[in-house]
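Everything below concerns the one structure shown next.
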Amino acid sequence: MAKRYVMTVLAANRVGMLAALANALDELGGNILATSQAVMDRFFTLIMSVEFPEGRPREVVLDHIQAVCRPFAAEVSLKELADDDACDSVPDRQQAERYVLTVSGPDRPGVLRRLAHRLAQDGIDVMDLQASRVDEGRQFRFFMEIYVPAGVDIGRLARDLQEVEPQGTLATTLQRRTVLDAMMCPDPPRFRDKG
């Protein structure tokens, strides 16, 4: 049985960082389960769910990864996951529907705070968030993937999100993830053979 970890890496972005990290994982017999990586303000940032063989001690894994990533001055953390690490406050995703929330507007302090509080009111879990400033820093844009629990009034939620900015200057779009997936990668229709 394998041991599962969540690993985070932060380093100045340089060519070869991901290759070095992938080598270290391979040398340790690691298996990547999921990963998210981005370069933000010239920093390489990564969070990864990874598993290693049962007999491989956490300290050996961490020491090896840190040694391989030392030329990149990387900060590496490794948290072991156990089956009982699940948070009680995370909603049951089997009973939730995935949506993508897009928000844009003038760059003002407090917008993310108000959005996050409104989502939390309905027990909505934010699974992915990407944000950036555009238009020479005068505007912002958020993209969030969220899990909306069954029973939440989507029309009301959409109206409330539109109004979290008191000046009414936000543009918000709330779309089912399944609809976006179908638009980006439609499957050809399948016809049953009548013969």
Solvent-accessible surface (1.4 angstrom probe) belonging to L21, in square angstrom, nearest 10: 0 Å²
How would R42, R113 line up by accessible area, probe 1.4 Å, largest first? R42, R113
First compute the accessible area of the stretch 10-55 with a 1.4 Å probe, then give the percent of it belonging to carbon and sulfur atoms. 56 percent
Going 7 Å from the Cα of A2 in the Cα-to-Cβ direction, what parts of the stretch 50-78 have a backbone nitrogen less than 20 Å from that spot? 50-66, 77-78
What whole-number value in Å² describes the accessible area per residue of the chain for a 1.4 Å probe? 66 Å²
Return, for the Cα atoms of the chain, the radius of gyration and Dmax in Å, separated by a comma. 20.9, 65
In nanometres, what is the gap between the two model label sites at D128 and I47, each 7 Å from Cα along Cα-to-Cβ? 1.3 nm
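The values are calculated or read from the model by the stated rules, or taken from the named source; none is laboratory data. Not measured: the values here are computed from a predicted model. Every residue, glycine among them, receives a Cβ derived from its backbone with ideal geometry; neighbour counts consider all protein chains shown. Each accessible area value is taken on the protein alone, full model and side chains, heavy atoms only, with ligands, DNA and RNA left out. Shrake-Rupley method; radii C 1.70, N 1.55, O 1.52, S 1.80 Å.
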